[in-house]
1. At a threshold of 8 angstrom on Cα-Cα distance, excluding pairs fewer than six apart, so keeping six or more, what relative contact order does the chain reach in percent?
2. Round to a whole angstrom and tell me the spacing of the C-alpha centers of segment 101-151 and segment 22-85.
3. What is the sum of charges, Lys and Arg at +1 and Asp and Glu at -1, for the other residues whose Cβ falls under 10 Å from the Cβ of residue 114?
4. Please arrange 32, 135 by how many other C-beta atoms lie within 10 Å of their C-beta, fewest to most.
5. Grab the Cα-Cα distance for residue 119 and residue 166, subtract it from 0.36 nm times how many residues apart they are, and report the gain in nm with one decimal.
6. Once you charge only the Cβ atoms, +1 for Lys and Arg and -1 for Asp and Glu, what is the size of the charge dipole of the chain about its Cα centre, to the nearest 20 debye?
7. For 67, 14, what's the fewest-to-most ordering of other Cβ within 10 Å of each Cβ?
8. Could you list 155, 88, 1 in order of exposure, starting from the residue whose Cβ has the fewest other Cβ atoms within 10 Å?
Amino acid sequence: MNYDKETYLADLRFRLDDYRFAHSVNVAHTCRELAKMYGENEEKAWYTGLLHDIFKNETKENTLAFFAENNIVLTDCERNAPKLWHAMAGSVYLQKTYGFDEEFIRAVRYHTTGRANMSLLEKIVFCADFISAERDYPGVDDMRERVKISLEYCMEEGLRFTIDELVNDLCPVHPDTIHAFNDICLLKRFPNGKKE
C-alpha cells in the first residue's frame with residue numbers, strides 16, 4: 001500500500017490535542033523499533049502506531065453518533081466502557097476513509113482490549129502503546145525490559161495491569177481482554193501450541 005503521510009498527519013493534527021498527537025508519534029516510533037526487532041513490516045507498523053488513537057479526543061456524543069451512523073451496536077460491556085470507544089470507532093473510520101487492510105484495522109481495533117490469537121502487528125501496537133517514550137507510570141520501565149524478551153512477556157503484564165485496574169474499580173472487563181490474557185497464559189504453558 002502507498003501511505004500518504006502528510007494527509008494522515010494533517011488528519012491527526014485536526015483531530016487530536018497536542019499530548020495525544022505526541023503520543024501517537026511516539027507510538028509510531030516504538031512500533032517501528034519493535035517491528036525491526038521482531039520481523040514485522042516497519043513501515044506498516046509505523047503507520048499503524050501513528051493512527052491507532054485517531055478517535056481518542058472525540059466527544060462521547062460524537063462517537064456515539066458515529067456508531068449509530070455506521071450501524072455499530074455496542075454490547076453492555078462496551079456501552080459502559082467509553083475508554084474502549086476510540087479503538088472501535090477509529091478502526092471503522094480508518095477503514096472507510098483510507099481503505100487500510102484488515103490486519104491494520106484489527107491492530108487499531110484491539111490495541112486497548114487485546115484479543116485471542118493476535119497477529120504480530122497487533123501485539124506490536126498493543127505493547128508500543130504501553131511503553132511509548134512519554135509514558136511514565138509506575139512499572140513502565142519493567143514493561144520496557146519485558147518487551148526486549150518477548151512481546152508476549154510484555155503483554156501478559158499489560159493485560160494483568162488492565163484487568164487488575166478494572167477489577168479494583170469494579171468495572172466490567174471486556175471479554176476480549178480475558179481471552180487475550182488466557183491466550184497469553186496458555187501460550188506460555190504450551191509454547192508449541194498444545195493448548196489442552
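Each reported figure results from applying straightforward, stated rules to the coordinates on display, with no laboratory input. This one's a predicted model, so the numbers in the text were calculated from it and none came from an experiment. All Cβ positions, glycine included, derive from the backbone under ideal geometry; neighbour counts span all protein chains shown.
1. Numbers: 232 pairs, mean separation 39.0, N = 196.
Reported relative contact order: 20 percent.
2. One Cα centre to the other: 11 Å.
3. Numbers: positive: 115, 123; negative: 122, 176, 183.
Here the count lands on -1.
4. Values: 32 22, 135 18.
Lowest to highest Cβ neighbour count: 135, 32.
5. Values: separation 47, 0.36 × 47 = 16.92 nm, distance 2.48 nm.
Using 0.36 nm per residue and subtracting the Cα-Cα distance, I get 14.4 nm.
6. Values: 25 positive and 34 negative charges, 69 e Å.
Dipole of the chain, to the nearest 20 debye: 340 debye.
7. Working: 67 18, 14 9.
Fewest-to-most Cβ neighbours within 10 Å comes out as 14, 67.
8. 1, 88, 155
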